[in-house]
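Right, one structure below, let's go through it.
The values are calculated or read from the model by the stated rules, or taken from the named source; none is laboratory data. Computed from a predicted model, the values in this text were never measured in an experiment. In this analysis, Cβ positions are derived from the backbone assuming ideal geometry, glycine residues included, and neighbour counts consider all displayed protein chains. Ligands, DNA and RNA are stripped out before the accessible areas are found, and what is left, the full protein with its side chains, is counted by its heavy atoms. Shrake-Rupley method; radii C 1.70, N 1.55, O 1.52, S 1.80 Å.
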Amino acid sequence: MHPLQCVLQAQRWGPLASVSWLLFRTCRAQSSVHGTTCPGPGRQQENGVQKDFSSRLAAGPTFQHFLRSALDPQEKPDVEDPPPYLTVDELSGRQRKVYLETYGCQMNVNDTEIAWSVLQKSGYLRTRNLQEADVILLVTCSIREKAEQTIWNRLYQLKALKTKRLRSRVPLRIGILGCMAERLKEEILNREKMVDILAGPDAYRDLPRLLAVAESGQQAANVLLSLDETYADVMPVQTSPSATSAFVSIMRGCDNMCSYCIVPFTRGRERSRPVASILEEVRKLSEQVLQLIHERDNICKQIHLPAQSGSSRVLEAMRRGYSREAYVELVHHIRESIPGVSLSSDFIAGFCGETEEDHLQTVSLLREVQYNMGFLFAYSMRQKTRAYHRLKDDVPEEVKLRRLEELITVFREEATKANMASVGCTQLVLVEGHSKRSATDLCGRNDGNLKVIFPNVEMEDVSNSGVRVRAQPGDYVLVKITSTSSQTLKGHVLCRTTLKDSSAYC
């Protein structure tokens, strides 16, 4: 039997058959040592052999052992020993260029990021130019026949590219990854001889080996599904430099078995990523967001951090999931990452069980952080909430209102101090329209999302020297700040400008 067929047929047996085969192999190995054979159906067994087998079975791993392994998987080593038929150098990408195309759902986008992370660590380079690629990988979809037909058509186009490849260059390798590879398996290799590798959704770690095997001129495939593969230790690498969003995968596979759906058969059984790996990926994405806010002039340098209370005890009763200390540490980290960032927050006065000491801790948090904007309210119990069923709204209404007034007073004092640092500075303002309080003034927002009021007068246009214009909504203008309150900055306009030109003035 062809080796690939062996792998594929074993795949069809499913996990229980795999366990049975493992026990069968163990039994054979043990029997060969002791000079016995595995019992077959209907064959009489001697009592000694039965006892020997029973004792070895009892001494082996229990069912709970396998459950623990599935629930708490060991992290895979960073460096694994190469297979005996390949050297470390053969497994290396040796700076060959990979071109990736993604088809289908958001999970396939995530798969592409995982596959590229694996290949990048192996020494491959990424290219967005199809003509200079040494490896072309299609991350595929099988949800509908049309999706698969799209891949067949694409392979037909790539066939010409592979045929015309100059002999002076390394041979072009083409791979099918994901759901279509899992569903059709050997049909792809038999139908399209130009396809060099197949990798199912659970085989992306194996891509360096598959590509190394393909370098010898053989077709290579790994379409085995896994009960525990979540790529928990593989940090996805975003493949689109212009992406404005990122998704975090928290699980793989599906157990629903909807009568119309192929997903359980192409992605395997449902399993969740360890919480720690999810949080680590979210943390790294958050760091990237902070870095982008700091670097890009077209992103407003303002972050909303709802605190709700300055008391760790009240935060626990609110089920907020963080302490005051953790919140303050986050504030310090953000300000270190984005100098001059503007912070806003939400606060609730008089939550269930809030004491005067808890209230004073919230007051001290307002003074410590010195927010630029705030949204403060007295607690109002809502039906159906956990507080409605589990807690008592025991702070009198007059106490709530008194505490709210104190919070508002402190917030305004600290915001005014923070805003005073802007007086005398020239700021870039995005014009929104006329001021609601004065027909002769315009209003806009600065880089910290603070409202800026300035006179609606003619001004110089930096892009058209000698031309005087009036600012329109959507324009950028430079305003020199002359006064401030807790909520608003005021100043006089200097000129109309652009994001690109404004850096020379601010």
### Task
All but one of (1) among the hydroxyl-bearing types (Ser, Thr, Tyr); (2) buried (at least 17 other Cβ atoms within 10 Å of the Cβ); (3) in contact (Cβ under 8 Å) with a residue 40 or more places away in the chain; (4) not in a loop (DSSP other than H, G, I, E, B) hold for Ser364, so report the exception by its number.
(2)
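Residue-wise test of (1) over 27 Å from Glu145 (Cβ atoms); (2) at pLDDT 90 or above.
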| position | (1), (2) |
| --- | --- |
| Ser245 | yes, no |
| Cys254 | no, yes |
| Met257 | no, yes |
| Tyr260 | no, yes |
| Pro264 | no, yes |
| Arg271 | yes, yes |
| Leu285 | yes, yes |
| Val289 | yes, yes |
| Ile293 | yes, yes |
### Message
Being in a loop (DSSP other than H, G, I, E, B) and either in contact (Cβ under 8 Å) with a residue 60 or more places away in the chain or touching a strand residue (DSSP E or B) at 6+ places or on another chain (Cβ under 9 Å) (or both) is true for just one of Asp297, Asp346. Which residue is that?
### Response
Asp297
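Per-residue answers, yes or no, for (1) open to solvent by less than 60 Å² (accessible area, probe 1.4 Å); (2) closer than 25 Å to Leu365 by Cβ:
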residue	(1), (2)
Ala387	yes, yes
Glu398	no, yes
Cys425	yes, no
Lys436	no, no
Cys443	yes, no
Val477	yes, no
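Looking at the range 432-469, which of its residues are outside any strand (DSSP E or B) and hydrophobic (A, V, I, L, M, F, W, C)?
Keep residues of the range 432-469 that are outside any strand (DSSP E or B), which gives 435-440, 446-450, 456-458, 462-463.
Ala439, Leu450, Val457, Val462 - these are the residues of the range 432-469 that are outside any strand (DSSP E or B) and hydrophobic (A, V, I, L, M, F, W, C).
Here is a yes/no grid of residues against (1) among the acidic types (Asp, Glu); (2) open to solvent by 30 Å² or more (accessible area, probe 1.4 Å); (3) modelled with pLDDT under 90:
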position	(1), (2), (3)
Pro77	no, yes, yes
Pro82	no, yes, yes
Tyr103	no, yes, no
Glu113	yes, no, no
Leu125	no, yes, no
### Query
Are there any pairs with C-beta distances below 8 angstrom linking a residue in the range 169-185 that is within 15 Å of Leu119 (Cα to Cα) and open to solvent by less than 30 Å² (accessible area, probe 1.4 Å) to a residue that is among the basic types (Lys, Arg) and part of a helix (DSSP H, G or I), with the two at least 6 apart or on different chains, and if so which?
Ile174/Lys162
### Query
Taking only pairs six or more apart or across chains, which ones have beta-carbon atoms under 9 Å, a first residue in the range 256-277 that is closer than 16 Å to Leu224 by Cα and part of a strand (DSSP E or B), and a second residue that is of a type in the set (Val, Ile, Thr) and open to solvent by less than 30 Å² (accessible area, probe 1.4 Å)?
Arg271/Thr230
### Query
Which condition number does Arg320 fail, the rest of (1) more than 20 Å from Glu414 (Cα to Cα); (2) outside any helix (DSSP H, G or I); (3) open to solvent by less than 30 Å² (accessible area, probe 1.4 Å) being met?
(3)
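In this structure, does Ser286 turn out to be hydroxyl-bearing (Ser, Thr, Tyr), out of contact with any Phe, Trp or Tyr (no Cβ under 7 Å at 6 or more places or on another chain) and open to solvent by less than 50 Å² (accessible area, probe 1.4 Å)? Before you say what the answer is, go through the steps one by one.
Working: hydroxyl-bearing (Ser, Thr, Tyr): yes; out of contact with any Phe, Trp or Tyr (no Cβ under 7 Å at 6 or more places or on another chain): yes; open to solvent by less than 50 Å² (accessible area, probe 1.4 Å): no.
When the stated conditions are applied, Ser286 does not pass them.
Just to be sure before I move on: is Val493 open to solvent by less than 30 Å² (accessible area, probe 1.4 Å), modelled with pLDDT of 90 or more and touching a strand residue (DSSP E or B) at 6+ places or on another chain (Cβ under 7 Å) in the structure I sent?
Details: open to solvent by less than 30 Å² (accessible area, probe 1.4 Å): yes; modelled with pLDDT of 90 or more: yes; touching a strand residue (DSSP E or B) at 6+ places or on another chain (Cβ under 7 Å): yes.
Considered against the rule, which asks whether it is open to solvent by less than 30 Å² (accessible area, probe 1.4 Å), modelled with pLDDT of 90 or more and touching a strand residue (DSSP E or B) at 6+ places or on another chain (Cβ under 7 Å), Val493 comes out as yes.
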### Query
Scanning for something within 12 Å of the chain's Cα centre (by Cα), more than 28 Å from Val98 (Cβ to Cβ) and hydrophobic (A, V, I, L, M, F, W, C), does the range 243-256 turn up at least one residue?
no
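Quick check, is Arg296 under 22 Å from the mean Cα position of the chain (by Cα) and either hydroxyl-bearing (Ser, Thr, Tyr) or over 20 Å from Arg367 (Cβ atoms) (or both)? Quick ask: steps written out before the conclusion?
Values: under 22 Å from the mean Cα position of the chain (by Cα): yes; either hydroxyl-bearing (Ser, Thr, Tyr) or over 20 Å from Arg367 (Cβ atoms) (or both): yes.
So Arg296 passes the test.
Does Glu398 meet the test of being within 30 Å of Ser483 (Cα to Cα), modelled with pLDDT of 95 or more and either of a type in the set (D, E, K, R) or in a helix (DSSP H, G or I) (or both)?
Details: within 30 Å of Ser483 (Cα to Cα): no; modelled with pLDDT of 95 or more: yes; either of a type in the set (D, E, K, R) or in a helix (DSSP H, G or I) (or both): yes.
No; evaluated as a whole, the condition is false for this residue.
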### Message
Leu407 - would you say it is hydrophobic (A, V, I, L, M, F, W, C) and crowded, with 19+ Cβ neighbours inside 10 Å?
### Response
yes
